[in-house]
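Inspection log for the structure reproduced underneath, given as structure tokens.
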Amino acid sequence: MPWIPLFIFVFLFGLSMDYHVFILSRIRELRARGASPGSSSGLLSTRDAVVNGIASSAGVVTSAAVIMVAVFSIFATLHLIQLQMLGVGLAGAVLIDATVVRGILLPACLALLGERTWYLPRWLAWLPGGGAAAGAPAPAGPAQVQPAPVEEEAWPAR
């Protein structure tokens, strides 16, 4: 049964990254799109975006977590001890991830970081949207690069 902790970790990592991407993309979208009444920059402050993003995505994340906890809790009623341990482990881990990590730690870290949340190091500027400031419009399109002429090679005779 040494595979159970590894399986729980891998499954929980994938599930938590899904929740994380969903919540953070919503927060970044709100920050870039909406303007708060007191700001002249056209961007929501990070704190307002976090509050609105968590509020708008909390129902979906909580609903998904409740469903996953219910499904994994059913595993605890099965006869195989491996499935019981897997079910209890996954149910507890999903419950902790959805409540403590996504409901408390993530918003607290984003609020503490403030605008530094959106900082991108210069060496990552090659990523899409990496050269633009957070919330600023991305460049119109890729630079038009003319392809180098291709020299035709003669195929050797057989």
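Bear in mind these aren't lab numbers, they're just calculated from the coordinates by the rules spelled out. Treat the numbers as computed from the prediction; the structure is a model and nothing was measured. Because the Cβ atoms are built from the backbone with ideal geometry, glycine has one as well, and the counts that use them run over all protein chains shown.
In table form, for the structure just shown:
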| item | result |
| --- | --- |
| For region 1-29 and region 85-116, distance of Cα centres in Å | 10 Å |
| Residue order, fewest to most beta carbons within 10 Å, for Asp97, Asp18 | Asp18, Asp97 |
| Selected from Val21, Leu83, Leu95, residue furthest toward positive end of dipole (region 3-118; charges at beta carbon) | Val21 |
| Summed side-chain charge close to Asn52 - residues other than Asn52 whose Cβ falls under 11 Å, Lys, Arg +1, Asp, Glu -1 | +2 |
| Total charge dipole magnitude, region 3-118, about the Cα centre, Cβ charges on Lys, Arg, Asp, Glu only, Debye to nearest 20 | 240 debye |
| Anisotropy class of region 3-118 from Cα gyration tensor, a/c 1.5 cut | prolate |
| Residue-wise HN-Hα coupling along region 56-72, computed from phi with Karplus coefficients 6.51, -1.76, 1.60 (Hz; x: Gly, Pro) | 7, 9, 4, x, 5, 5, 5, 4, 5, 5, 5, 5, 5, 4, 5, 5, 5 |
